[in-house]
1. Any idea which residue in the stretch B:146-180 is farthest from B:D118 (Cα to Cα), counting only those that are small (G, A, S) and touching a residue at least 40 places away in the same chain (Cβ under 8 Å)?
2. Determine if the stretch A:83-100 includes at least one residue that is of a type in the set (S, T, N, Q), out of contact with any His (no Cβ under 7 Å at 6 or more places or on another chain) and more than 18 Å from A:G184 (Cβ to Cβ).
3. In the stretch A:190-226, how many are of a type in the set (S, T, Y), under 22 Å from B:E166 (Cβ atoms) and open to solvent by less than 30 Å² (accessible area, probe 1.4 Å)?
4. Looking for whichever is touching a helix residue (DSSP H, G or I) at 6+ places or on another chain (Cβ under 6 Å), among the aliphatic types (A, V, I, L, M) and under 30 Å from A:K86 (Cα atoms) here; the options are A:V338, A:V391, A:V353, A:V370. Which one fits?
5. So which of A:P177, A:P190 ends up being over 18 Å from the mean Cα position of the chain (by Cα) and not β-branched (V, I, T)?
6. Test A:D170 against the criterion of being within 20 Å of A:L124 (Cβ to Cβ), modelled with pLDDT of 95 or more and within 13 Å of another protein chain (Cβ to nearest Cβ), and give yes or no.
7. Among the strands (runs of 3 or more DSSP E) confined wholly to the stretch B:351-421, which include 2 or more residues that are touching a residue at least 60 places away in the same chain (Cβ under 8 Å)?
8. Does A:D96 meet the test of being without any contact (Cβ under 8 Å) to a residue 60 or more places away in the chain, surrounded by 24 or more Cβ atoms within 10 Å (Cβ to Cβ) and under 30 Å from A:E234 (Cβ atoms)?
There are 2 protein chains.
Amino acid sequence: MAHLLSASCPLAVSLTSSSKNSVKPFGLNQTFFNPQPLSNHPSLKALHFQEKKPKRRRRSCVFLATATSQQAPPETSTNNNTSPSKPKRVMVIGGDGYCGWATALHLSKKNYQVAVVDNLVRRLFDHQLGLESLTPIASIHDRISRWKALTGKTIELYVGDICDFEFLADSFNSFEPDSVVHFGEQRSAPYSMIDRSRAVFTQHNNVIGTLNVLFAIKEFREECHLVKLGTMGEYGTPNIDIEEGYITITHNGRTDTLPYPKQASSFYHLSKGVVYGVKTDETEMHEELRNRLDYDAVFGTALNRFCVQAAVGHPLTVYGKGGQTRGYLDIRDTVQCVELAIANPAKAGEFRVFNQFTEQFSVNELASLVTKAGLKLGLDVTKMTVPNPRVEAEEHYYNAKHTKLMELGLEPHYLSESLLDSLLNFAVQFKDRVDKKQIMPSVSWKKIGVKTKSMNP
Amino acid sequence: MAHLLSASCPLAVSLTSSSKNSVKPFGLNQTFFNPQPLSNHPSLKALHFQEKKPKRRRRSCVFLATATSQQAPPETSTNNNTSPSKPKRVMVIGGDGYCGWATALHLSKKNYQVAVVDNLVRRLFDHQLGLESLTPIASIHDRISRWKALTGKTIELYVGDICDFEFLADSFNSFEPDSVVHFGEQRSAPYSMIDRSRAVFTQHNNVIGTLNVLFAIKEFREECHLVKLGTMGEYGTPNIDIEEGYITITHNGRTDTLPYPKQASSFYHLSKGVVYGVKTDETEMHEELRNRLDYDAVFGTALNRFCVQAAVGHPLTVYGKGGQTRGYLDIRDTVQCVELAIANPAKAGEFRVFNQFTEQFSVNELASLVTKAGLKLGLDVTKMTVPNPRVEAEEHYYNAKHTKLMELGLEPHYLSESLLDSLLNFAVQFKDRVDKKQIMPSVSWKKIGVKTKSMNP
């Protein structure tokens, strides 16, 4: 479960007139891409891949019918020259990742003009930690080419690090986004707890990256709407209801509405649970569009991990007492939520917070659901208790509000038997790819230290 | 006003046995110190200055009488070989700064064994922004030498950046602190709002620096007590009372005690006001021990600025309506508060938050007090309204609690006529050093951008 922040720039500043694009566009078939996403070599910093440079001045050839709809913008015709509208241009930062890729495809399908900005460092983490997605995933280049071949739609690709402001500024000035969806944060709590250097990386990447995005919007695209994925993990497990962003407090006879109090418990305070599932309408269109599915103990989310464990006959790994309750949502709802936020942007100066989940489950409840669904498919599902590697309450009150996205029109995909069947069958399909060594938790909140952790298998 | 965080490491981890000191001690009279505090050249990173390397194994030659005192540890005799105690070793990070230097001297006077860790970047800021302390201040080397000559007491000096973990680790392993006082944050809200690079510097320096301190404590000095200066600015100006760190909330019939909600309003959310005054018993001993006094619009705090303005006949610069109310404390109480926290450390695993101030004033109230005191000294004091460069409420409720340090034994120096007289006379003494161009606000919260700000006078 995540929370979703949505803001438009509140400050009146003049836009700079110098939007000269210093990013060099390269054809996708050219081969001089150097696969070192963190390199600081200037010539590698700002690679910009796209199949065909769009002609930005011919905006009238594509239209967006109306911005007054509370729902997604209607399907558009790319050949309609009569409309004065233009498609909204959405930059998806972290668009090669689990939520980002599904979102980029979904928005492209809905006729938004989409650019993916990503340093591909998530793929590097897999190499470094010896992990691999359950699903084989195509390169971002092949993914985008396949999408173009299937749909005729172009997704622009900017490869670089948003902590490098020169790269980010060039990407902004080249793509000129109307909305930015920011998935480009290191989002694994266990990753942030491996060692000091990864804790520092997480803070640096997430704090400085987001600062840079805010500055780029203010400087180059003042009216741009920012949709940022945060984490409800920062709220911890308070004994009172979790509101959406703000809470009205009466104290000593006075009242104010203040930001909801935060209680982080890891260096990336993400309470896992979060998003589950793997398929969306778009990723299903071709195997090269397939999304990643992490089942390992560092990046895998709870329900996804349980389904893969069930598929390979590994006992479901319940951490501690299993009473840890969080909000969950289907990845099809993730992409829907982001689109709803984009289609219904915050007013100028407004900052909105949505608690982005549809249902609450405890770990034990998830294990029971997976067990039941697995047995129906003939799988022998057991569960085991694993000493909790985290520092967290294992039995607690949890009641988080989540009405604001419903009010925007979210139609939830609740966790159903058919979804569990589908996810289990998907896991069974790829079960030969499972590395069982990655299943048990390897990162302990209490053992984090300054020594670089050995990555020996 | 600041808040003061105090914590001891809650996690049981084994200390590393390798505390080999790779920091090379240099004599103060040697001349190969390179004055580039931010250099990344390895040979410049970890300069360690001290007059005489203390013999760490001869601890019994110095004693600390008892740790049960609620007050400061009693004066000790450095020649008493009969005591089994040893002085507490306190590392003051940022010990060359306004609060840090006064604290380092105060603790050394009280027979703590003190080390100053500082990259001296605050002095670099003065060069870069064209600012200068009202008071001429000696180099940190001369300050420490003078202190030794006057008192016989050694303050060790480690020059380097705590964001460089190798330097910090070496400093920890060399000095072996029992307590760390962390003043090493960029603490000016206007500085953080100058431009993107300084906003990023502020976040990087403050977040990564503090992370590194936490990791160093956990890895090398697990029982070390951390006293960190934060900011009450992060609480903003809520319409309800500000508690110390935590607030008990009853919501929808349930109750929990949660961290106090935060509402930052600058990239370093420090509400100026904060500490005032310049003299402490120790800094008064010699002109080379004199503390800095910032009167400029970037680093100067409200009351100090007003006194300097009064001294040079500049109207007092009230930002906006002047109803901005904050907590204030005398620098003599700053050093007292830090010492009280060190002398009464948090229990293992405990995290304490103290709201560190003694009185609340609005800007208008401060202006009136300075006007009245100035007239008594024959100064012609006027005030002027300046368009507020900040984004902040100019009329608001403000009531922050501050009982916990009183309970530890703080004996406040309340703002008095005699203090104002003293501060005004001090400002008059140095009025020829005032650069009037630095008085008016130069940094606007709304105009921050990515372009490096021109520093032309």
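1. B:G152
2. Start the filter on the stretch A:83-100 by keeping residues that are of a type in the set (S, T, N, Q), which leaves A:83, A:85.
After this cut, where a residue has to be out of contact with any His (no Cβ under 7 Å at 6 or more places or on another chain) as well, the list is A:83, A:85.
Okay, now just the ones that are also more than 18 Å from A:G184 (Cβ to Cβ), so A:83, A:85.
Yes, the stretch A:83-100 has at least one match.
3. Restricting attention to the stretch A:190-226, the residues satisfying the condition of being of a type in the set (S, T, Y) are A:191-192, A:197, A:202, A:210.
Cutting the leftovers down to under 22 Å from B:E166 (Cβ atoms) gives us A:192, A:197, A:202.
When the remaining residues are screened for being open to solvent by less than 30 Å² (accessible area, probe 1.4 Å), the result is A:192, A:202.
The qualifying residues number 2.
4. On the way: A:V391 fails: under 30 Å from A:K86 (Cα atoms); A:V353 fails: touching a helix residue (DSSP H, G or I) at 6+ places or on another chain (Cβ under 6 Å); A:V370 fails: under 30 Å from A:K86 (Cα atoms).
Going through A:V338, A:V391, A:V353, A:V370 in turn, the sole match is A:V338.
5. Numbers: A:P190 fails: over 18 Å from the mean Cα position of the chain (by Cα).
When all the criteria are applied, what remains is A:P177.
6. On the way: within 20 Å of A:L124 (Cβ to Cβ): no; modelled with pLDDT of 95 or more: yes; within 13 Å of another protein chain (Cβ to nearest Cβ): yes.
Here the answer is no, as A:D170 does not meet what is asked.
7. Qualifying strands (runs of 3 or more DSSP E): B:351-356, B:383-386.
8. Details: without any contact (Cβ under 8 Å) to a residue 60 or more places away in the chain: yes; surrounded by 24 or more Cβ atoms within 10 Å (Cβ to Cβ): yes; under 30 Å from A:E234 (Cβ atoms): yes.
Yes; evaluated as a whole, the condition is true for this residue.
The values are calculated or read from the model by the stated rules, or taken from the named source; none is laboratory data. Not measured: the values here are computed from a predicted model. With ideal geometry, Cβ positions are generated from the backbone for all residues, glycine too; neighbour counts draw on all protein chains shown. SASA here: full protein model, heavy atoms, side chains in, ligands and nucleic acids out. Shrake-Rupley method; radii C 1.70, N 1.55, O 1.52, S 1.80 Å.
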